[in-house]
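One structure below.
Readers should treat all values here as calculations from the given coordinates under stated rules, not as data from a laboratory. Please read these numbers as outputs of a predicted model, since none were measured by experiment. Neighbour counts run over all protein chains shown; Cβ positions are idealised from the backbone, glycine included.
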Amino acid sequence: TTYIEPALFLLVGTVALGTGQTSFAGAIGQFQGSAAYPWLVVPAVVVLLVLLQAEAARVPVDDPLTHLELTMIHEVMVLDHSGPDFAFILYGAAQKLFLFGALVVRLALGFHFDSPVAALLAFLLGMLLFAVAVGTVESVMARLRLSRVPQMLVGASVLSVFALVLLLR
C-alpha cells in the first residue's frame, strides 16, 4: 500500500495546481469550472478507480473469498472479530468504498445543476454506474499476481504525472 500515496498526492496536487486552490474542498469545488478540467478528468477518474481497487482490497488486488494467508490483505484484519466489532469493520469498509465512489462521481460530473433534486438524481445515477463499473471489473478480472500489484499502482502514479504534464503544457 505504500505505492498508493504517491499517486493520490500527485493527483491531488495536480488538481490543486489546476484550480489554484490550496484546500481540498475548494479544489474539488472549482475543479469542474477550471480550464484544466477537460484535460484532467479522465486521468483523475482512472487513477482513483485504480487506487480504489487497492485501497478497498477489491478483487484485482485481493480476493477476500480465498483463505490463503498471503492474499488476504483485508480479511486478516477481521479474523479475530465477530458480532458488533465485525459489523463495524464491514461498515468502515463500505464507507471507504462509498467515499471513493462519491469522489469519482463528483469529479466525473462535468456540469453544475441548478436544482438540488436534479443534482441528487445525477449523483445517485453516477453512484449506480460506479457500482456497476466496480462489479464489472471484479467479475471479468481475476486476482492479480502479488508481483503485479505494485506495477499497477506505479502505473497509476505515472498516470498522475501524465496529468500534471498535461496541465503544465
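Each residue of the range 163-169 was assigned a 3J(HN,Hα) from its phi angle through the Karplus curve 6.51 cos²θ - 1.76 cosθ + 1.60 (θ = phi - 60°); the sequence is 5, 5, 5, 4, 5, 7, 5 Hz, with glycine and proline shown as x. Our coupling estimate for the range 11-18, obtained by passing each phi through the Karplus curve with A = 6.51, B = -1.76, C = 1.60 and θ = phi - 60°, is 5, 5, x, 5, 5, 5, 5, x Hz, Gly and Pro reported as x.
Each peptide in 86-98, 37-49 was scored by the mean count of other Cβ atoms within 10 Å over its residues; highest first, the order is 37-49, 86-98. Stokes-Einstein, applied to the Kirkwood radius of the range 76-130 over Cα pairs at a viscosity of 1.306 mPa s and 10 °C, places its translational diffusion at 121 µm² s⁻¹. As a rough guide to protection, the peptides 157-165, 23-31 ranked by mean Cβ packing within 10 Å, highest first, stand as 157-165, 23-31. FRET efficiency for the R106 to E138 pair, using the beta carbon distance and R₀ = 30 Å, is estimated at 0.85.
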